[in-house]
Each structure stands twice: as structure tokens, then as C-alpha cells.
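These notes are about the structure you will find just below.
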């Protein structure tokens with residue numbers, strides 16, 4: 001039995017998230033069907049993801065592992081999995097053999113998410129699936145001042161949606177910044193992990209500060225309060241992409 005790690009890219013628009021659920025299309029479900037067929041297995045092959053992206057959230061670099069006794073080379077296995085993947089919105093773009101003790105989720109040291117916004121008064125058909133649209137550019141200096149407030153180790157209870165099953169809402173944030181590229185605005189955040197809807201809640205709250213609905217002190221006070229009602233709204237899922245996952249050993 002060989003453990004293999006895969007790098008997956010997907011458009012989350014038409015998926016009900018990563019996690020396997022009965023009766024709906026999920027990324028994990030599609031991956032497990034394709035891996036089983038590529039392996040020649042009639043049994044379920046469990047695919048363990050590095051994170052559980054929600055419905056509508058995309059991934060440029062979701063990582064996952066599975067065990068299979070198929071003897072295919074990495075390149076042959078990659079092509080076989082992609083052959084059996086249904087639809088145009090998910091693809092395996094890398095596959096490696098890893099030690100039996102490796103775990104795609106528990107061995108993660110850093111994850112990066114990107115949240116994307118298009119600034120336009122009119123609909124932008126080539127961006128609408130992957131960006132939230134705003135009519136006016138928010139104050140990027142205010143956004144970055146807020147973004148700097150969360151660097152380091154903090155309790156992110158105020159930015160964690162109800163329903164989270166984690167025992168601790170404390171996370172370490174290594175990078176947090178907003179970058180403007182013409183009429184596109186991106187937020188990049190890198191941490192050792194993220195709580196349920198944390199990035200989208202941070203974005204929603206920072207955008208309120210950037211548009212003048214609250215100020216930087218309000219944002220900081222919300223963080224310190226550890227109280228969800230003190231923070232702003234949860235930004236729409238379509239703007240969020242799992243951008244990068246890092247492990248202790250470079251693949």
C-alpha cells in the first residue's frame with residue numbers, strides 16, 4: 001500500500017464544498033470516485049484533504065492524500081485520476097509518493113488564502129464567479145492597517161462563525177496584506193490554520209472599515225472582544241481561494 005499526495009485545483013462554484021456529503025456533488029466525492037477507478041478498486045478510497053473549503057470556495061492548491069495498492073507511476077496515476085474526474089471544474093495538477101506516516105491535513109505548517117474583489121459598477125462576466133464585486137475602491141491604507149493588526153498570535157473567536165467544532169480559536173498569522181492590481185483588489189493571508197469562515201469574516205469586517213462604516217479602532221476592538229457580533233459580515237464565498245499549502249519538506 002502506497003500513500004500518495006495530490007495537488008488539486010478547482011472552481012468551487014458548482015460544488016457543495018470539499019467534504020463528502022450524500023446526494024450532492026463535492027470535491028472529495030468526485031476525487032474519491034476518480035481515485036478508486038484509477039486504482040482499479042471496487043472499495044472506497046478515502047481522500048483526506050488539507051482543509052475543508054465551503055460551498056462556492058475555490059482552490060488553486062488544495063492538497064490531499066490517499067492510500068492505494070495500485071503500482072502506477074506518479075505520472076500515470078495523475079493522468080488516470082484526471083481521466084476519471086467528471087466535469088471541467090476540478091483537476092489534479094500534481095501527484096507525489098509520500099511516506100506512510102504523512103498526513104495532508106495534520107502535517108500542514110502554513111496555509112495561504114486569497115480573497116479577490118473586482119471594482120466595477122457593471123457586471124463583469126469573466127470575474128463574477130471568482131470575485132466579489134464592489135462599486136467603489138475602498139481605502140486600501142485603512143485595509144492594510146487593519147490587516148497588520150492580526151499578524152502574530154491571536155484568538156479569532158470574533159471572526160469564527162457559529163457551528164465551528166474546534167476546541168481553540170487561537171491561530172498564528174504570518175502574513176496579512178491587501179494588494180491592488182488595477183480594478184482588482186486581493187487580500188492575502190497566511191497562517192498556521194484558520195477557523196470556520198475566519199477569512200471571509202475578516203474580509204467583511206475590514207471592508208466595512210475601508211468604506212468608512214467603521215474605523216481601525218473598531219476593527220481592533222472586535223478582534224480583542226472575541227465576540228462574533230462585534231465583527232462585521234461574512235464576505236461571499238465566491239471571492240475566496242485556497243491559494244497555497246506548505247509542508248515542512250518542500251515537494
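The values are calculated or read from the model by the stated rules, or taken from the named source; none is laboratory data. These figures come from a predicted structure and were not determined experimentally. Cβ atoms come from the backbone with ideal geometry, glycine included; neighbour counts cover every protein chain shown.
Tell me whether the stretch 27-36 contains one or more residues that are farther than 20 Å from residue 110 by Cβ, modelled with pLDDT under 95 and surrounded by 18 or more Cβ atoms within 10 Å (Cβ to Cβ).
There is no residue in the stretch 27-36 that is farther than 20 Å from residue 110 by Cβ, modelled with pLDDT under 95 and surrounded by 18 or more Cβ atoms within 10 Å (Cβ to Cβ).
Checked against the criterion of being in contact with a helix residue (DSSP H, G or I) (Cβ under 7 Å, 6 or more places away or on another chain), under 24 Å from residue 60 (Cβ atoms) and outside the structural domain of residue 55 (by TED's automatic domain parsing), the stretch 122-129 contains one or more residues that satisfy it. Of all the numbered requirements in (1) within 19 Å of residue 98 (Cβ to Cβ); (2) not in a loop (DSSP other than H, G, I, E, B), residue 33 misses one, and that requirement is (1).
Each row is one residue, and each column tells you yes or no for (1) in the same structural domain as residue 174 (by TED's automatic domain parsing); (2) more than 28 Å from residue 204 (Cα to Cα); (3) in a loop (DSSP other than H, G, I, E, B).
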| residue | (1), (2), (3) |
| --- | --- |
| 7 | no, yes, no |
| 25 | no, no, yes |
| 63 | no, no, no |
| 92 | no, yes, no |
| 115 | yes, no, no |
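Residue-level check: of (1) in contact with a strand residue (DSSP E or B) (Cβ under 9 Å, 6 or more places away or on another chain); (2) outside any loop (DSSP other than H, G, I, E, B); (3) under 27 Å from residue 224 (Cβ atoms), residue 138 misses just (2). Kindly check whether there is at least one residue in the stretch 121-137 that is closer than 22 Å to residue 4 by Cβ and buried (at least 17 other Cβ atoms within 10 Å of the Cβ). Scanning the stretch 121-137, I find no residue that is closer than 22 Å to residue 4 by Cβ and buried (at least 17 other Cβ atoms within 10 Å of the Cβ), so the answer is no. The residues in the stretch 162-179 that are surrounded by fewer than 17 Cβ atoms within 10 Å (Cβ to Cβ) and within 16 Å of residue 148 (Cβ to Cβ) can be counted, and the count is 5.
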